[in-house]
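Coordinate-derived values only; no laboratory data. Predicted model, so just to flag it, every value in this text is computed and none were measured. So basically every Cβ, Gly included, is an ideal-geometry build from the backbone, and we count neighbours across all protein chains shown.
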Amino acid sequence: MHPFRAAVESRDIEAAIALLHEDVVFKSPAVFTPYRGRFAVAPLLRAVIQVFEDFEYTREIADGSSHALMFKARIGDKHLEGCDFLVETPTGEITEFTVMIRPMKGLQALAEAMQARLS
């Protein structure tokens, strides 16, 4: 099990943040411009762990330094599926973090909930 997955599943978001490289690049379908740096990404992770209900990783795929962590979750009455794509250094620091979410209504619910939390 990837350490990021273990941290998120145990709801230890600070441990998950500690795995991010200081210059991590975070991409999400909810925003056009990537977030850069651990300090920019940390508030997003702290918020999303509160926004997602019934969050569960369902599958993990690894290929060297690349990992795909598939998940399902709910926001209110909107169910969604997604995948966290991680690229890490040989020492395990996450340098790239890309999130993909479907369906569109689930993505819209996430974007609205995150905007409300981060405003």
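Measuring nothing but how far apart in sequence close Cα pairs (under 8 Å, 6+ apart) lie, relative to its length, the chain scores a relative contact order of 24 percent. Dipole check for the chain: with +1 at the C-beta of Lys and Arg, -1 at the C-beta of Asp and Glu, and the Cα centre as origin, the magnitude is about 400 Debye. Of all aspartates and glutamates in the structure, those lying under 16 Å Cα to Cα from residue 27, and not within fewer than 8 positions of it along the same chain, are 84, 88, 96.
Partners of residue 105 within straight-line reach, counting aspartates and glutamates whose Cα lies under 12 Å from its Cα and excluding those fewer than 8 residues away in the same chain: 77, 81. Using the Cβ of residue 63 as centre and a radius below 15 Å, the other residues enclosed give a net charge of -3, where K and R count +1 and D and E count -1.
Summing Lys and Arg as +1 and Asp and Glu as -1 over all other residues whose Cβ lies under 12 Å from the Cβ of residue 23 gives a net charge of -1.
Once divided by 2.2 N^0.38 Å, the Cα radius of gyration of region 26-70 becomes 1.35. A straight line joining the Cα centroids of region 3-27 and region 46-67 runs 10 Å. Each Lys or Arg adds one and each Asp or Glu takes one away; over the other residues whose Cβ falls under 12 Å from the Cβ of residue 35, this sums to +1. For the options 31, 99, 87, a Gaussian network treatment of the chain with springs between C-alpha atoms closer than 10 Å singles out 31 as fluctuating the most. In this calculation the C-beta distance from residue 22 to residue 104 is compared with R0 = 30 Å, giving a FRET efficiency of 0.35.
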